[in-house]
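The next block holds one structure in the form of structure tokens; read it before the comments.
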Amino acid sequence: MLVFVAEEIVRRETELNALDAAVGDGDHGITMRIGFEAIRDRLGQLDPATPIDGILRESGTAFLGATGGAIGVVMGKMLLAGGKALQGVQEIRAPEFRLLLTSMETSVAATGKVNPGDRTILDAIHGAAAAAAAGDSGAKNLDVVVHLSASAAQEAARSTADMLCRVGRASRLGNRVLGHPDPGATSFAIMLRAMHDWITSPITADTQS
Ligand SMILES: [Mg+2]
């Protein structure tokens with residue numbers, strides 16, 4: 001699944017750079033592409049029997065090692081936190097996915113020292129985690145929970161276009177950021193949508209049965 005997500009992020013590099021160019025230095029797509037290429041390459045070298053927590057830890061380490069800047073640290077530590085939360089887990093079902101999102105939200109809030117509404121990647125993660133938790137009573141299937149989370153992340157990413165930036169370099173831009181969605185939040189929404197596409201693809205469903 002993470003290799004599939006990596007390929008999607010690599011494909012969206014130009015679009016992510018353009019979003020960042022509207023509010024920053026235009027390198028967000030480059031950083032994400034470099035980080036996810038490192039993840040894809042690292043996962044390709046792993047023993048196929050590597051457990052889920054090991055895969056997430058290796059991915060976080062690969063992202064941290066390959067990239068610089070704030071988003072590199074935030075993404076890398078977010079994946080490491082996901083690995084820690086899913087230690088010993090053999091299969092990701094709806095409850096494990098909720099746990100993954102919660103651990104990622106906690107990590108990003110702590111690493112970035114940000115809150116929801118600060119116009120960062122956290123807005124998309126927070127929206128996704130809230131949607132997954134809200135489906136707690138009804139949605140038992142992973143594909144439904146990931147779909148709800150991905151849609152919420154996309155909506156949250158869109159809503160960052162109405163927010164002023166309080167942290168990072170873009171905070172100096174004032175109201176010039178209005179109308180442009182946050183690149184990091186957009187990336188996270190793309191990641192979740194790719195996860196959903198992978199889970200629901202006929203090829204994947206075949207290999208899981
Ligand atoms: Mg940038």
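For this structure, a couple of remarks:
- Residues of the range 155-180 that are touching a Lys or Arg at 6+ places or on another chain (Cβ under 7 Å) and closer than 22 Å to ALA194 by Cβ: THR160 alone.
- Taken over the range 120-176, residues that are more than 16 Å from the ligand (Cβ to nearest atom) and among the hydroxyl-bearing types (Ser, Thr, Tyr) amount to 4.
- Among (1) under 23 Å from ARG158 (Cβ atoms); (2) within 12 Å of the ligand (Cβ to nearest atom); (3) modelled with pLDDT of 95 or more - the single one ALA70 does not satisfy: (3)
- Total residues in the range 75-85, condition crowded, with 23+ Cβ neighbours inside 10 Å and farther than 15 Å from ILE39 by Cα: 1
- Residue count, the range 1-11 (criterion: buried (at least 18 other Cβ atoms within 10 Å of the Cβ) and either within 17 Å of ARG176 (Cα to Cα) or touching a residue at least 60 places away in the same chain (Cβ under 8 Å) (or both)): 2
- Selection of the range 48-90 for residues being in a helix (DSSP H, G or I) and at positive phi yields only GLY69.
- Failed item, numbered, when ASN115 is tested on (1) assigned to a loop (DSSP other than H, G, I, E, B); (2) out of contact with any helix residue (DSSP H, G or I) (no Cβ under 8 Å at 6 or more places or on another chain): (2)
- Scanning the range 1-47 for residues that are part of a helix (DSSP H, G or I), closer than 23 Å to PHE97 by Cα and among the aliphatic types (A, V, I, L, M) turns up LEU2, VAL3, VAL5, ALA6, ILE9, MET32, ILE39, LEU43.
Residues are listed down the side, and each one gets a yes or a no for (1) buried (at least 24 other Cβ atoms within 10 Å of the Cβ); (2) modelled with pLDDT of 90 or more; (3) on the phi > 0 side of the Ramachandran plot; (4) under 19 Å from the mean Cα position of the chain (by Cα):
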| residue | (1), (2), (3), (4) |
| --- | --- |
| ASN115 | no, yes, no, yes |
| ILE125 | yes, yes, no, yes |
| LEU142 | no, yes, no, yes |
| SER149 | yes, yes, no, yes |
| ALA157 | yes, yes, no, yes |
| LEU164 | no, no, no, no |
| LEU173 | no, no, no, no |
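- Of all residues in the range 1-51, those satisfying the criterion of being more than 16 Å from the ligand (Cβ to nearest atom), at pLDDT 95 or above and of a type in the set (Gly, Ala, Ser) are ALA6, ALA38, GLY44.
- Output for the range 177-192, where each listed residue is within 18 Å of ASN17 (Cβ to Cβ) and either in a helix (DSSP H, G or I) or within 12 Å of the ligand (Cβ to nearest atom) (or both): VAL177, ASP182, PRO183, GLY184, ALA185, THR186, SER187, PHE188, ALA189, ILE190, MET191
- Condition check for MET104: touching a residue at least 40 places away in the same chain (Cβ under 8 Å) and either farther than 22 Å from ARG172 by Cβ or crowded, with 24+ Cβ neighbours inside 10 Å (or both): no
The values are calculated or read from the model by the stated rules, or taken from the named source; none is laboratory data. Since this is a predicted model, take the numbers as computed values, not measurements. Note that we place each Cβ from the backbone using ideal geometry, even for glycine, and neighbour counts take in every protein chain shown.
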